1. Could you report the accessible area of Ser91 in Å², rounded to 10, computed with a 1.4 Å probe on the protein chains as they sit in the structure?
2. Treat each spin label as a single point 7 Å out from the Cα along the C-beta direction, and report the Thr511 to Asn357 distance in nm.
3. Hey, quick one: spin label on Ala290, modelled 7 Å out along Cα-Cβ, who in segment 411-448 has an amide N within reach, i.e. under 19 Å?
4. Packing-wise, with mean Cβ within 10 Å as the measure, how do 208-214, 274-280, 329-335, 399-405 rank, highest first?
5. Reachable aspartates and glutamates from Lys154, Cα under 16 Å, same-chain residues fewer than 8 places away excluded?
6. Scaled to the compact-protein estimate 2.2 N^0.38 Å, what is the alpha-carbon radius of gyration of segment 141-234, rounded to two decimal places?
7. Taking 20 Å as the cut-off for C-alpha to C-alpha distance, list the pairs among Lys170/Lys233; Lys95/Lys163; Lys89/Lys228; Lys95/Lys174; Lys73/Lys446 that go past it.
Amino acid sequence: MKLKKTVAIAAAASALAAVSVPAMAFENEFHGTSRLRYFLSNYENANKGGVLLPLTSGAIRGPNTSDTTENLKMNNYFEQRTRIFYTAKASDDLKLVTGFEIDSVFGDKAQGATTAAGSTVNGSTVVGTGRNQGGALESDTVNLETKWVYLDFKIPSTPVQVKAGIQPIKDQLKGVFFDADIAGILTTSKIGAATVNAGYFRGYDQSFFGTNRPYGMDNLNLGLLEGKFALSKDLNVGAVYYLYDDSRGSVTGVADANGTNTNLGNDFQVHVFGVNGDAKLGKLSLSGFAAYQYGIIKQSNANSAHLNAYAANVAAKAPIGPGTLRTALLVTSGNGQSDTPANGHLKGWVSIDQNQNNSWAGNASAVNTYNESGMLLLNRNAAASTGTTDTSIVYNTGNGTNPLNAQGVYLATVGYDLNITPKFYTNFNAGAAWAAHTNSLKPVDKATTMQNATNYMATEINLETGYKMYDNLTASLQAAYVFLGGYYKNSSFYGTQASPKDPENPYTIRTSLIYNF
(Lines give C-alpha, C1' and ligand atoms only; values in the text may rest on other atoms or scores of the structure.)
Protein backbone atom coordinates (compact mmCIF):
# COMPACT_ATOMS: atom_id res chain seq x y z
CA MET A 1 0.00 0.00 0.00
CA LYS A 2 2.78 2.34 0.86
CA LEU A 3 4.38 1.76 -2.54
CA LYS A 4 1.05 2.38 -4.33
CA LYS A 5 0.44 5.56 -2.34
CA THR A 6 3.93 6.78 -3.06
CA VAL A 7 3.47 6.19 -6.79
CA ALA A 8 0.06 7.94 -6.76
CA ILE A 9 1.45 10.96 -4.93
CA ALA A 10 4.40 11.15 -7.31
CA ALA A 11 2.09 10.96 -10.34
CA ALA A 12 -0.16 13.70 -8.96
CA ALA A 13 2.82 15.91 -8.22
CA SER A 14 4.16 15.38 -11.74
CA ALA A 15 0.79 16.26 -13.29
CA LEU A 16 0.52 19.37 -11.14
CA ALA A 17 4.03 20.44 -12.11
CA ALA A 18 3.27 19.92 -15.78
CA VAL A 19 0.16 22.10 -15.52
CA SER A 20 1.90 24.79 -13.54
CA VAL A 21 4.94 25.22 -15.82
CA PRO A 22 3.16 27.34 -18.46
CA ALA A 23 1.69 29.58 -15.77
CA MET A 24 5.07 30.01 -14.14
CA ALA A 25 6.63 30.86 -17.53
CA PHE A 26 3.97 33.48 -18.25
CA GLU A 27 5.29 37.05 -17.86
CA ASN A 28 3.37 40.17 -16.91
CA GLU A 29 5.20 43.33 -17.96
CA PHE A 30 4.24 46.80 -16.76
CA HIS A 31 5.89 50.02 -17.82
CA GLY A 32 4.88 53.54 -18.71
CA THR A 33 5.52 57.23 -18.41
CA SER A 34 4.03 60.15 -16.50
CA ARG A 35 4.58 63.80 -17.39
CA LEU A 36 3.49 66.95 -15.57
CA ARG A 37 4.02 70.23 -17.41
CA TYR A 38 3.46 73.88 -16.53
CA PHE A 39 3.03 76.44 -19.31
CA LEU A 40 3.57 80.18 -19.56
CA SER A 41 2.60 81.12 -23.09
CA ASN A 42 0.71 83.65 -25.17
CA TYR A 43 0.14 80.94 -27.76
CA GLU A 44 -0.42 77.53 -26.18
CA ASN A 45 -3.84 77.51 -24.62
CA ALA A 46 -4.74 74.11 -23.13
CA ASN A 47 -6.33 73.16 -26.44
CA LYS A 48 -5.10 71.39 -29.56
CA GLY A 49 -4.79 72.53 -33.13
CA GLY A 50 -3.12 75.12 -35.31
CA VAL A 51 -3.94 78.45 -33.74
CA LEU A 52 -2.32 80.78 -36.26
CA LEU A 53 -4.50 79.71 -39.16
CA PRO A 54 -6.35 82.51 -40.95
CA LEU A 55 -10.01 83.12 -40.30
CA THR A 56 -12.34 84.97 -42.63
CA SER A 57 -11.02 88.26 -44.00
CA GLY A 58 -7.47 87.20 -43.18
CA ALA A 59 -7.90 87.35 -39.42
CA ILE A 60 -5.47 85.46 -37.19
CA ARG A 61 -6.63 83.23 -34.38
CA GLY A 62 -4.67 83.74 -31.18
CA PRO A 63 -4.89 81.57 -28.06
CA ASN A 64 -8.56 82.56 -27.80
CA THR A 65 -10.68 83.99 -30.58
CA SER A 66 -11.68 86.91 -28.36
CA ASP A 67 -8.03 87.69 -27.57
CA THR A 68 -6.58 88.15 -31.05
CA THR A 69 -5.15 91.60 -30.51
CA GLU A 70 -1.61 92.77 -31.12
CA ASN A 71 -0.94 92.10 -27.41
CA LEU A 72 -1.97 88.56 -26.59
CA LYS A 73 -2.66 87.68 -22.97
CA MET A 74 -0.40 85.09 -21.36
CA ASN A 75 -1.87 81.70 -20.44
CA ASN A 76 -0.61 79.69 -17.51
CA TYR A 77 -1.82 76.15 -16.91
CA PHE A 78 -0.76 72.68 -15.80
CA GLU A 79 -1.13 69.64 -18.03
CA GLN A 80 -0.81 66.05 -16.85
CA ARG A 81 -0.47 62.90 -18.95
CA THR A 82 0.14 59.35 -17.75
CA ARG A 83 0.49 56.31 -19.99
CA ILE A 84 0.49 52.77 -18.62
CA PHE A 85 1.45 49.78 -20.75
CA TYR A 86 0.75 46.16 -19.85
CA THR A 87 2.02 43.19 -21.85
CA ALA A 88 0.77 39.65 -21.22
CA LYS A 89 3.69 37.63 -22.56
CA ALA A 90 3.33 33.89 -23.10
CA SER A 91 6.63 33.74 -25.00
CA ASP A 92 8.79 35.83 -27.31
CA ASP A 93 6.50 34.69 -30.12
CA LEU A 94 3.14 35.40 -28.47
CA LYS A 95 1.97 38.35 -26.38
CA LEU A 96 -0.92 40.72 -25.84
CA VAL A 97 0.08 44.39 -25.75
CA THR A 98 -2.17 47.00 -24.16
CA GLY A 99 -1.77 50.70 -23.50
CA PHE A 100 -3.87 53.11 -21.44
CA GLU A 101 -3.78 56.88 -21.01
CA ILE A 102 -5.02 59.41 -18.45
CA ASP A 103 -4.98 63.12 -19.37
CA SER A 104 -6.14 66.28 -17.66
CA VAL A 105 -5.49 69.98 -17.23
CA PHE A 106 -5.58 71.34 -13.69
CA GLY A 107 -8.99 72.88 -12.99
CA ASP A 108 -10.76 71.51 -16.07
CA LYS A 109 -13.92 69.47 -15.29
CA ALA A 110 -14.81 66.71 -12.85
CA GLN A 111 -17.66 64.82 -11.26
CA GLY A 112 -21.09 66.25 -12.14
CA ALA A 113 -19.72 68.70 -14.69
CA THR A 114 -18.74 65.84 -16.97
CA THR A 115 -21.95 63.83 -16.87
CA ALA A 116 -25.09 64.02 -18.98
CA ALA A 117 -24.22 65.98 -22.11
CA GLY A 118 -26.25 69.14 -22.36
CA SER A 119 -27.14 69.25 -18.67
CA THR A 120 -26.85 72.48 -16.69
CA VAL A 121 -24.45 72.99 -13.81
CA ASN A 122 -24.46 76.38 -12.03
CA GLY A 123 -26.36 77.89 -14.92
CA SER A 124 -23.93 76.67 -17.61
CA THR A 125 -24.40 73.90 -20.14
CA VAL A 126 -21.70 71.26 -19.74
CA VAL A 127 -20.24 68.62 -21.98
CA GLY A 128 -20.79 64.92 -21.52
CA THR A 129 -18.36 62.45 -20.02
CA GLY A 130 -15.26 62.47 -22.18
CA ARG A 131 -11.52 62.23 -22.42
CA ASN A 132 -8.91 64.65 -21.08
CA GLN A 133 -10.84 65.69 -17.97
CA GLY A 134 -10.78 65.15 -14.23
CA GLY A 135 -8.31 67.79 -13.08
CA ALA A 136 -10.93 69.85 -11.24
CA LEU A 137 -11.90 69.90 -7.56
CA GLU A 138 -12.46 66.40 -6.12
CA SER A 139 -11.24 65.00 -9.44
CA ASP A 140 -13.43 61.90 -9.86
CA THR A 141 -14.38 61.32 -13.49
CA VAL A 142 -14.26 58.70 -16.23
CA ASN A 143 -10.88 59.29 -17.85
CA LEU A 144 -9.05 56.04 -18.64
CA GLU A 145 -8.49 55.87 -22.38
CA THR A 146 -7.69 52.76 -24.37
CA LYS A 147 -4.67 53.52 -26.51
CA TRP A 148 -3.49 50.09 -27.72
CA VAL A 149 -4.91 46.58 -27.62
CA TYR A 150 -3.30 44.13 -30.01
CA LEU A 151 -1.99 40.61 -30.30
CA ASP A 152 1.65 40.32 -31.31
CA PHE A 153 2.58 36.81 -32.49
CA LYS A 154 4.77 34.92 -34.91
CA ILE A 155 3.23 32.47 -37.37
CA PRO A 156 4.92 29.14 -36.58
CA SER A 157 7.59 27.91 -39.01
CA THR A 158 7.57 31.22 -40.90
CA PRO A 159 9.47 34.54 -40.64
CA VAL A 160 6.16 36.43 -40.35
CA GLN A 161 5.31 38.48 -37.25
CA VAL A 162 1.70 39.69 -36.93
CA LYS A 163 0.17 42.56 -34.96
CA ALA A 164 -3.62 42.45 -34.92
CA GLY A 165 -5.76 45.05 -33.16
CA ILE A 166 -5.54 48.71 -32.15
CA GLN A 167 -1.87 49.58 -32.54
CA PRO A 168 0.62 52.39 -33.26
CA ILE A 169 1.83 52.82 -36.83
CA LYS A 170 4.18 55.34 -38.41
CA ASP A 171 5.14 55.66 -42.04
CA GLN A 172 8.74 55.29 -43.15
CA LEU A 173 8.63 58.88 -44.43
CA LYS A 174 9.45 60.14 -40.92
CA GLY A 175 5.75 60.45 -40.07
CA VAL A 176 4.84 63.20 -42.57
CA PHE A 177 1.99 61.09 -44.02
CA PHE A 178 0.73 59.30 -40.90
CA ASP A 179 1.79 58.67 -37.31
CA ALA A 180 -1.23 57.29 -35.50
CA ASP A 181 -2.95 54.72 -33.33
CA ILE A 182 -5.40 52.75 -35.47
CA ALA A 183 -7.20 49.41 -35.67
CA GLY A 184 -5.88 46.94 -38.21
CA ILE A 185 -3.49 44.13 -39.05
CA LEU A 186 0.23 44.53 -39.72
CA THR A 187 2.62 41.77 -40.79
CA THR A 188 6.41 42.02 -40.66
CA SER A 189 8.61 39.51 -42.47
CA LYS A 190 12.38 39.40 -42.04
CA ILE A 191 14.21 37.50 -44.76
CA GLY A 192 17.95 37.85 -44.56
CA ALA A 193 18.86 41.50 -44.86
CA ALA A 194 15.36 42.46 -46.02
CA THR A 195 12.35 43.50 -43.95
CA VAL A 196 8.88 43.69 -45.51
CA ASN A 197 5.81 45.22 -43.81
CA ALA A 198 2.28 44.77 -45.15
CA GLY A 199 -0.87 45.99 -43.46
CA TYR A 200 -4.51 47.00 -43.64
CA PHE A 201 -6.16 49.50 -41.28
CA ARG A 202 -9.67 50.91 -40.98
CA GLY A 203 -9.82 54.49 -39.76
CA TYR A 204 -13.59 55.03 -39.89
CA ASP A 205 -16.73 53.17 -40.87
CA GLN A 206 -19.45 55.66 -41.76
CA SER A 207 -22.14 53.18 -40.69
CA PHE A 208 -21.38 54.18 -37.10
CA PHE A 209 -22.50 57.73 -37.94
CA GLY A 210 -26.03 56.78 -38.95
CA THR A 211 -25.95 55.84 -42.65
CA ASN A 212 -27.96 52.66 -41.97
CA ARG A 213 -25.85 50.89 -44.60
CA PRO A 214 -24.10 47.56 -43.96
CA TYR A 215 -20.80 47.74 -42.10
CA GLY A 216 -17.69 47.73 -44.23
CA MET A 217 -19.11 49.56 -47.25
CA ASP A 218 -18.33 53.22 -46.50
CA ASN A 219 -14.89 53.31 -44.92
CA LEU A 220 -11.72 55.28 -44.57
CA ASN A 221 -9.11 52.60 -45.30
CA LEU A 222 -5.33 52.69 -45.10
CA GLY A 223 -3.07 50.10 -46.72
CA LEU A 224 0.70 49.88 -46.57
CA LEU A 225 3.54 47.97 -48.15
CA GLU A 226 7.04 48.80 -46.96
CA GLY A 227 10.37 47.25 -47.81
CA LYS A 228 13.77 47.89 -46.28
CA PHE A 229 17.10 46.33 -47.21
CA ALA A 230 20.37 46.56 -45.31
CA LEU A 231 23.10 46.83 -47.93
CA SER A 232 25.64 46.94 -45.11
CA LYS A 233 25.70 47.76 -41.43
CA ASP A 234 26.07 51.43 -42.37
CA LEU A 235 23.71 51.68 -45.35
CA ASN A 236 19.95 50.96 -45.57
CA VAL A 237 17.59 51.65 -48.46
CA GLY A 238 13.83 51.23 -48.68
CA ALA A 239 10.71 51.71 -50.75
CA VAL A 240 7.10 52.24 -49.67
CA TYR A 241 3.58 52.25 -51.03
CA TYR A 242 0.57 53.58 -49.11
CA LEU A 243 -3.08 53.62 -50.10
CA TYR A 244 -5.39 56.18 -48.48
CA ASP A 245 -8.97 55.51 -49.57
CA ASP A 246 -11.97 57.41 -48.19
CA SER A 247 -15.23 56.12 -49.65
CA ARG A 248 -17.60 57.49 -47.02
CA GLY A 249 -19.68 59.61 -49.36
CA SER A 250 -19.69 63.40 -49.59
CA VAL A 251 -16.92 64.73 -47.39
CA THR A 252 -17.75 68.33 -46.57
CA GLY A 253 -14.90 70.65 -45.71
CA VAL A 254 -14.73 73.88 -43.74
CA ALA A 255 -15.30 77.39 -45.02
CA ASP A 256 -12.28 78.93 -46.70
CA ALA A 257 -11.05 82.50 -46.19
CA ASN A 258 -13.82 83.81 -48.43
CA GLY A 259 -16.51 81.98 -46.46
CA THR A 260 -17.11 79.45 -49.25
CA ASN A 261 -17.76 75.86 -48.20
CA THR A 262 -15.48 73.34 -49.82
CA ASN A 263 -16.43 69.81 -50.78
CA LEU A 264 -13.96 66.97 -51.01
CA GLY A 265 -16.15 64.78 -53.17
CA ASN A 266 -17.81 61.39 -53.13
CA ASP A 267 -14.57 59.40 -53.07
CA PHE A 268 -11.09 60.46 -52.02
CA GLN A 269 -8.22 58.17 -52.97
CA VAL A 270 -4.49 58.80 -52.68
CA HIS A 271 -1.61 56.56 -53.73
CA VAL A 272 1.78 57.31 -52.15
CA PHE A 273 5.05 56.01 -53.59
CA GLY A 274 8.32 56.71 -51.81
CA VAL A 275 11.96 55.79 -51.37
CA ASN A 276 14.06 56.32 -48.27
CA GLY A 277 17.50 55.60 -46.94
CA ASP A 278 20.04 56.22 -44.24
CA ALA A 279 23.80 55.96 -44.19
CA LYS A 280 26.71 56.46 -41.87
CA LEU A 281 29.91 57.88 -43.33
CA GLY A 282 32.45 57.85 -40.56
CA LYS A 283 31.00 60.10 -37.90
CA LEU A 284 28.46 61.67 -40.25
CA SER A 285 24.92 60.24 -40.27
CA LEU A 286 22.63 60.97 -43.24
CA SER A 287 18.97 60.15 -43.86
CA GLY A 288 16.19 61.22 -46.16
CA PHE A 289 13.23 60.33 -48.34
CA ALA A 290 11.38 61.36 -51.46
CA ALA A 291 7.68 60.64 -51.99
CA TYR A 292 5.09 61.24 -54.69
CA GLN A 293 1.30 61.25 -54.32
CA TYR A 294 -1.13 60.48 -57.09
CA GLY A 295 -4.84 60.53 -56.42
CA ILE A 296 -8.30 61.51 -57.47
CA ILE A 297 -11.18 63.30 -55.80
CA LYS A 298 -14.42 62.19 -57.41
CA GLN A 299 -17.30 64.61 -57.13
CA SER A 300 -20.96 64.11 -57.92
CA ASN A 301 -21.01 67.30 -60.00
CA ALA A 302 -18.36 65.86 -62.36
CA ASN A 303 -15.71 68.31 -61.12
CA SER A 304 -13.28 65.53 -60.27
CA ALA A 305 -9.70 66.55 -59.58
CA HIS A 306 -6.42 64.70 -59.93
CA LEU A 307 -3.80 65.01 -57.22
CA ASN A 308 -0.08 65.26 -58.01
CA ALA A 309 1.94 66.13 -54.90
CA TYR A 310 5.34 65.44 -53.43
CA ALA A 311 7.38 65.57 -50.23
CA ALA A 312 11.11 65.28 -49.64
CA ASN A 313 13.54 65.41 -46.75
CA VAL A 314 17.25 65.28 -46.09
CA ALA A 315 18.89 65.32 -42.67
CA ALA A 316 22.40 65.08 -41.29
CA LYS A 317 24.05 64.93 -37.89
CA ALA A 318 27.62 64.64 -36.71
CA PRO A 319 29.61 65.09 -33.49
CA ILE A 320 31.06 68.59 -33.45
CA GLY A 321 33.01 69.74 -30.42
CA PRO A 322 31.54 68.42 -27.16
CA GLY A 323 28.08 67.79 -28.67
CA THR A 324 26.18 66.78 -31.80
CA LEU A 325 25.16 69.13 -34.62
CA ARG A 326 21.91 68.38 -36.46
CA THR A 327 20.33 69.89 -39.55
CA ALA A 328 17.31 68.97 -41.65
CA LEU A 329 15.16 70.21 -44.52
CA LEU A 330 11.53 69.25 -45.21
CA VAL A 331 9.67 70.19 -48.38
CA THR A 332 5.99 69.46 -49.13
CA SER A 333 4.13 70.72 -52.18
CA GLY A 334 1.12 73.01 -51.93
CA ASN A 335 -1.98 74.15 -53.77
CA GLY A 336 -1.90 77.54 -55.47
CA GLN A 337 -4.85 79.80 -56.17
CA SER A 338 -5.70 77.94 -59.39
CA ASP A 339 -5.34 74.44 -57.92
CA THR A 340 -8.98 73.53 -57.31
CA PRO A 341 -11.33 70.64 -58.10
CA ALA A 342 -13.12 72.96 -60.54
CA ASN A 343 -9.87 73.28 -62.49
CA GLY A 344 -9.25 69.56 -62.32
CA HIS A 345 -5.99 69.47 -60.38
CA LEU A 346 -4.52 69.67 -56.89
CA LYS A 347 -0.84 69.78 -55.87
CA GLY A 348 -0.97 70.03 -52.06
CA TRP A 349 0.62 67.25 -50.01
CA VAL A 350 -2.12 65.23 -48.31
CA SER A 351 -1.39 64.23 -44.73
CA ILE A 352 -3.82 62.19 -42.68
CA ASP A 353 -5.86 64.06 -40.07
CA GLN A 354 -8.86 63.12 -37.97
CA ASN A 355 -12.02 63.73 -39.97
CA GLN A 356 -14.85 61.97 -38.17
CA ASN A 357 -18.29 61.75 -39.75
CA ASN A 358 -16.94 62.84 -43.16
CA SER A 359 -15.97 66.23 -41.81
CA TRP A 360 -12.65 68.06 -42.11
CA ALA A 361 -12.21 70.71 -39.41
CA GLY A 362 -9.53 73.38 -39.17
CA ASN A 363 -8.58 72.33 -35.64
CA ALA A 364 -8.88 68.57 -36.20
CA SER A 365 -6.19 66.53 -34.50
CA ALA A 366 -3.29 65.85 -36.82
CA VAL A 367 -2.19 62.24 -37.05
CA ASN A 368 1.06 63.07 -38.78
CA THR A 369 4.28 64.41 -37.29
CA TYR A 370 7.72 65.67 -38.18
CA ASN A 371 9.88 65.11 -35.11
CA GLU A 372 13.22 65.76 -36.76
CA SER A 373 12.83 69.54 -36.66
CA GLY A 374 13.40 70.10 -32.93
CA MET A 375 10.77 72.85 -33.03
CA LEU A 376 8.34 73.57 -30.18
CA LEU A 377 5.83 75.90 -31.91
CA LEU A 378 6.73 76.14 -35.59
CA ASN A 379 5.60 72.66 -36.57
CA ARG A 380 3.93 69.68 -34.89
CA ASN A 381 6.79 67.82 -33.26
CA ALA A 382 5.38 65.10 -31.03
CA ALA A 383 8.82 64.25 -29.65
CA ALA A 384 9.03 67.69 -28.01
CA SER A 385 5.38 67.93 -26.95
CA THR A 386 3.91 64.56 -25.90
CA GLY A 387 0.84 66.18 -24.39
CA THR A 388 -2.82 66.73 -25.13
CA THR A 389 -2.56 70.45 -25.84
CA ASP A 390 0.05 70.56 -28.60
CA THR A 391 -0.39 73.48 -30.96
CA SER A 392 1.75 74.71 -33.80
CA ILE A 393 1.80 77.13 -36.70
CA VAL A 394 2.35 74.40 -39.30
CA TYR A 395 0.01 71.98 -37.54
CA ASN A 396 0.09 69.31 -40.23
CA THR A 397 2.66 68.59 -42.91
CA GLY A 398 0.27 69.69 -45.67
CA ASN A 399 0.13 73.11 -43.96
CA GLY A 400 -3.61 73.61 -44.39
CA THR A 401 -6.99 72.76 -42.92
CA ASN A 402 -7.97 70.20 -45.58
CA PRO A 403 -6.56 68.78 -48.84
CA LEU A 404 -8.10 71.59 -50.91
CA ASN A 405 -6.12 74.40 -49.22
CA ALA A 406 -2.91 72.60 -48.25
CA GLN A 407 -0.24 75.26 -48.82
CA GLY A 408 2.77 72.97 -48.45
CA VAL A 409 5.86 74.03 -46.54
CA TYR A 410 9.59 74.59 -46.74
CA LEU A 411 11.01 73.97 -43.28
CA ALA A 412 14.74 74.31 -42.57
CA THR A 413 16.11 73.57 -39.10
CA VAL A 414 19.38 73.25 -37.24
CA GLY A 415 20.11 72.08 -33.71
CA TYR A 416 22.88 71.22 -31.28
CA ASP A 417 22.71 68.60 -28.51
CA LEU A 418 25.06 68.72 -25.55
CA ASN A 419 25.39 66.37 -22.58
CA ILE A 420 27.15 68.53 -20.03
CA THR A 421 27.30 65.78 -17.39
CA PRO A 422 25.77 62.28 -17.27
CA LYS A 423 22.76 63.86 -15.55
CA PHE A 424 22.59 67.32 -17.13
CA TYR A 425 21.78 67.95 -20.81
CA THR A 426 20.80 70.85 -23.05
CA ASN A 427 19.94 71.43 -26.69
CA PHE A 428 19.44 74.47 -28.91
CA ASN A 429 17.33 74.68 -32.07
CA ALA A 430 16.50 77.21 -34.76
CA GLY A 431 14.22 76.89 -37.77
CA ALA A 432 12.37 78.85 -40.43
CA ALA A 433 9.23 78.02 -42.43
CA TRP A 434 7.78 79.25 -45.71
CA ALA A 435 4.43 78.36 -47.28
CA ALA A 436 5.18 76.56 -50.54
CA HIS A 437 2.30 78.23 -52.42
CA THR A 438 -0.14 81.10 -52.02
CA ASN A 439 -3.82 80.25 -51.73
CA SER A 440 -6.88 81.32 -49.77
CA LEU A 441 -5.21 80.59 -46.41
CA LYS A 442 -2.68 83.40 -46.72
CA PRO A 443 -3.62 86.33 -44.43
CA VAL A 444 -4.74 89.70 -45.74
CA ASP A 445 -2.74 92.85 -45.00
CA LYS A 446 -5.37 95.16 -43.50
CA ALA A 447 -3.51 98.23 -44.80
CA THR A 448 -3.60 97.16 -48.46
CA THR A 449 -6.63 94.84 -48.22
CA MET A 450 -4.58 92.34 -50.24
CA GLN A 451 -2.73 89.18 -49.33
CA ASN A 452 0.84 89.72 -48.24
CA ALA A 453 3.43 89.30 -50.96
CA THR A 454 5.82 87.05 -49.07
CA ASN A 455 5.37 83.39 -48.12
CA TYR A 456 7.87 83.64 -45.26
CA MET A 457 5.86 82.46 -42.25
CA ALA A 458 8.14 82.52 -39.21
CA THR A 459 11.45 81.76 -37.53
CA GLU A 460 11.70 79.96 -34.20
CA ILE A 461 14.55 79.75 -31.70
CA ASN A 462 14.29 77.45 -28.70
CA LEU A 463 16.25 75.67 -26.02
CA GLU A 464 15.69 72.74 -23.72
CA THR A 465 17.67 71.80 -20.65
CA GLY A 466 17.11 68.97 -18.24
CA TYR A 467 18.49 67.32 -15.14
CA LYS A 468 18.09 63.65 -14.22
CA MET A 469 17.10 63.78 -10.56
CA TYR A 470 16.85 59.97 -10.41
CA ASP A 471 17.42 57.27 -13.01
CA ASN A 472 13.70 57.41 -13.83
CA LEU A 473 12.85 61.05 -13.05
CA THR A 474 13.92 64.04 -15.15
CA ALA A 475 13.12 67.71 -14.65
CA SER A 476 13.30 69.87 -17.76
CA LEU A 477 12.77 73.41 -19.01
CA GLN A 478 11.76 74.33 -22.56
CA ALA A 479 11.52 77.85 -23.97
CA ALA A 480 10.72 79.04 -27.48
CA TYR A 481 10.16 82.36 -29.22
CA VAL A 482 8.76 82.77 -32.74
CA PHE A 483 9.39 85.78 -34.97
CA LEU A 484 6.42 85.98 -37.34
CA GLY A 485 7.33 86.77 -40.92
CA GLY A 486 5.82 88.99 -43.60
CA TYR A 487 3.21 86.32 -44.30
CA TYR A 488 1.35 87.67 -41.22
CA LYS A 489 2.06 91.39 -41.65
CA ASN A 490 -0.81 93.71 -40.57
CA SER A 491 -3.20 90.75 -40.26
CA SER A 492 -4.25 90.93 -36.61
CA PHE A 493 -7.98 90.47 -36.17
CA TYR A 494 -8.50 93.86 -34.52
CA GLY A 495 -6.44 95.85 -36.98
CA THR A 496 -8.09 98.18 -39.48
CA GLN A 497 -7.00 99.75 -42.74
CA ALA A 498 -6.35 103.01 -40.94
CA SER A 499 -4.60 101.30 -38.04
CA PRO A 500 -3.27 97.88 -39.09
CA LYS A 501 -1.71 95.65 -36.45
CA ASP A 502 0.69 92.73 -36.55
CA PRO A 503 -0.14 89.60 -34.56
CA GLU A 504 1.90 89.18 -31.40
CA ASN A 505 4.96 86.97 -31.78
CA PRO A 506 4.24 83.61 -30.09
CA TYR A 507 6.31 82.37 -27.18
CA THR A 508 6.15 79.55 -24.67
CA ILE A 509 7.95 78.43 -21.52
CA ARG A 510 7.35 74.89 -20.27
CA THR A 511 8.62 73.18 -17.15
CA SER A 512 8.27 69.40 -16.92
CA LEU A 513 8.64 66.48 -14.59
CA ILE A 514 8.99 63.23 -16.53
CA TYR A 515 8.85 59.84 -14.82
CA ASN A 516 9.58 56.73 -16.88
CA PHE A 517 9.10 53.28 -15.42
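The values are calculated or read from the model by the stated rules, or taken from the named source; none is laboratory data. Just so we're clear, the structure is a prediction, and the values are computed from it rather than from any experiment. Every residue, glycine as well, gets a Cβ built from its backbone with ideal geometry; the counts of neighbours run over all protein chains shown. Please note that ligands, DNA and RNA were not included when accessible areas were found on the heavy atoms of the full protein model with its side chains. Shrake-Rupley method; radii C 1.70, N 1.55, O 1.52, S 1.80 Å.
1. In the full protein context, Ser91 sits at about 50 Å².
2. If labels sit at Thr511 and Asn357, their model points lie 4.1 nm apart.
3. In segment 411-448, the label zone of Ala290 (backbone N under 19 Å from the point 7 Å along Cα→Cβ) covers 411.
4. Listed from highest to lowest mean packing, they are 399-405, 329-335, 274-280, 208-214.
5. Filter leaves Asp92, Asp93.
6. Against the compact-globule rule of thumb, the ratio is 1.33.
7. From the list (Lys170/Lys233; Lys95/Lys163; Lys89/Lys228; Lys95/Lys174; Lys73/Lys446), the Cα-Cα distance tops 20 Å for Lys170/Lys233; Lys89/Lys228; Lys95/Lys174; Lys73/Lys446.
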